[in-house]
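What follows is calculated from the coordinates using simple rules that are stated; it is not laboratory data. Remember, predicted model here, so these are calculated numbers, not experimental data. Note that we place each Cβ from the backbone using ideal geometry, even for glycine, and neighbour counts take in every protein chain shown.
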Amino acid sequence: MSSVLDRFLRYVRIDTQSDPHSESFPSTSKQRDLSNLLVTELQELGIRDAHLDEHGYVYATIPATSEKAGIPVICFCSHVDTSPDVSGANVKPIVHRNWDGADIVLPDDPSQVLRISELHDLDQQIGNDIVTASGSTLLGADNKAGVAEIMAAADYLMSHKDIRHGVIKILFTPDEEVGRGTEKVDLLKLGAEYGYTVDGEAVGTLEDETFSADGLRITIYGVSTHPGYGKGKLENALKIGADILASLPKTALSPETTEEKEGFIHPVFMEGIQEKATLDFIIRDFTEVGLKEKEELLKNITETVLKQYPGSTAEIKLTEQYRNMKKILDQHPQVIGNALEAMERVGLNPVQRSIRGGTDGSRLSFMGLPCPNIFAGEHAFHSRLEWVSVQDMEKAVEVIVSLCQVWEEKA
């Protein structure tokens, strides 16, 4: 199982950043660079049906080694793209061997420092090998740690035919970071009954609940005129947009003021000219009721601001993004139970918890593939301080292999 680090270091050097403003699918063609490599490596392992489809999805099948009938087909899934929030080009991974707990100063930008006092779970890694980027980019552990772990597990299973398991499916998706990771997936071709995304954080965690999520776009139509003669006439759409942003709650309902089961309203994009401006928001909550309350609040803020600009109007477009997967997973307790047992078998004390975010598993669950999220060891994702522990990645590989055995034994 030692191949997981080598694979990870190879994968993160490939720029696979997705683009939320692209209309193509995948949103960036460079995601295929990694996907093509994964197909080649899977085929070299002897997985003959591994292929990249026209939409940028990698599908592969590890054949069963058990003759037992009725073993459910399970799938392991990770995404190849990295976040648009921080550059993913020219990643230079650094392995900090046998880390002693001292601050880790990233060499390409010494202002980027990993400190135990500031980063969640870092204090659990003393003596382990920590992988970071160099300070000018993200690392890409989200989700190339998961990709490397699935690949290392596939390598292990293909070279240890004595391990009894059923048919195992592998799925690598594009564009998860821009909310489109399952848009063109072919579940009929995949042929799995249950799935697991490998895209979680701390070692031993199993996430069975996500936010419910919507996107909301406000398009503002102001009144444009020559600024030299604009008195009493000009209504600047950019200023209207700024007033809407300034009217959001200052001490609540934002990512920077919420935690645990609290939802938020989060502006993510603004552009425009004085005649027309666009504001994009993401709305998050664990309940449908909470989601709708926040959307109504944002609509009311917009209406209140527009009363100050009688010549201007606004259009509001709401787009459903994903829903809390717990609603589906509660109907399939064996999916959770088997994963918890697999973690216990490799010496972990598993922790079930919620994600303040979403995964491909959210949509896959509602599409008919119940799919909780297993830890991948990634931390501080979407930032230049992103890190992962080699030992955590190796433990994730053990869990994947163990999980395949649990399903076979319980069939």
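Hey, which of these cross-link pairs are over 28 Å Cα-Cα: LYS250/LYS276; LYS233/LYS292; LYS250/LYS326; LYS239/LYS299?
Details: LYS250/LYS276 26 Å; LYS233/LYS292 35 Å; LYS250/LYS326 30 Å; LYS239/LYS299 17 Å.
The answer is LYS233/LYS292; LYS250/LYS326.
For the stretch 193-287, which trypsin sites (Lys or Arg not before Pro) are both in a DSSP coil and crowded by at most 14 other Cβ atoms within 10 Å?
When the trypsin sites (Lys or Arg not before Pro) of the stretch 193-287 are filtered for loop state and at most 14 Cβ neighbours within 10 Å, LYS231, LYS233, LYS250, LYS261 remain.
For the stretch 97-189, please report how many Lys pairs fall under 20 Å Cα to Cα, leaving out neighbours fewer than 8 apart on the same chain.
Working: LYS144/LYS169; LYS161/LYS169; LYS169/LYS184; LYS169/LYS189.
Counting lysine pairs in the stretch 97-189 gives 4.
In whole angstrom, note down how far apart the Cα centers of the stretch 338-411 and the stretch 167-238 are.
The stretch 338-411 and the stretch 167-238 have Cα centres separated by 22 Å.
Using the 10 angstrom Cβ neighbour count as an exposure proxy, how do TYR221, TYR322, TYR156 rank, fewest first?
Ascending number of Cβ neighbours within 10 Å: TYR221, TYR156, TYR322.
Rank these for me by crowding, GLU235, GLU344, going from fewest to most other beta carbons within 10 Å.
Fewest-to-most ranking of GLU235, GLU344: GLU344, GLU235.
Among ILE163, ILE104, ILE168, which comes first, second and so on when ranked by fewest other beta-carbon atoms within 10 Å?
ILE163, ILE104, ILE168
Could you check which residue among SER224, SER134, SER365 shows the biggest mean-square fluctuation in a GNM of the chain with a 10 Å Cα cutoff?
SER224
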